[in-house]
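The values are calculated or read from the model by the stated rules, or taken from the named source; none is laboratory data. Keep in mind the model is a prediction, meaning the values are calculated, not measured. Please note: Cβ atoms are built from the backbone with ideal geometry, for glycine as well, and neighbour counts cover all protein chains shown. Surface accessibility is based on the protein's heavy atoms, side chains included, excluding ligands, DNA and RNA. Shrake-Rupley method; radii C 1.70, N 1.55, O 1.52, S 1.80 Å.
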Amino acid sequence: QVQLVESGGGLVPPGGSLRLSCAATGSTIATTYLGWYRQVGRTRELVAAATRDTGTWYSEPAKGRFTISRDNAKNTVYLQMNRLRPEDTGVYYCGAGQLRNQPLSWGQGTQVTVSS
């Protein structure tokens, strides 16, 4: 079992920055990928993901603005979000699993609101 605890959401104006954190507890295999997903309707879309060996992946809207990083010693993943846009608004979930697009464990979600 993997438990994920998120923090760092909030309200920022357009162009602002936020840093999300997700601390994971559980097996190494179950946390091969740690990533951030945004709820869009009934779907959670992958925003960024990181593997244990520093491999990273970003969605097109996130490239150049967001940076994902991972501290394996703490089993924690961070998402630094810069130049935020109103369309980045949503609930962000931390996900963990062996496959990037199929997380098996989820955090509770954290609200990100970009608005003036």
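Applying the selection to segment 19-51, what residues are within 11 Å of the chain's Cα centre (by Cα) and free of Cβ contacts under 8 Å to residues at least 24 places away in the same chain?
Glu45
Restricting to segment 52-107, count the residues that are of a type in the set (A, V, I, L, M) and over 14 Å from the mean Cα position of the chain (by Cα).
So the count comes out to 4.
List the strands (runs of 3 or more DSSP E) inside segment 1-101, counting only whole elements, that have at least 1 residues being among the basic types (Lys, Arg) and open to solvent by 70 Å² or more (accessible area, probe 1.4 Å).
Those strands (runs of 3 or more DSSP E) span 18-25, 43-51.
Which pairs turn up if I take residues in segment 60-89 that are at positive phi and in contact (Cβ under 8 Å) with a residue 12 or more places away in the chain and look for partners that are in a strand (DSSP E or B) and open to solvent by less than 70 Å² (accessible area, probe 1.4 Å) with beta carbon separation below 6 Å, at least 6 apart in sequence or on another chain?
That search, which allows pairs on different chains as well, returns Asn75/Ala24.
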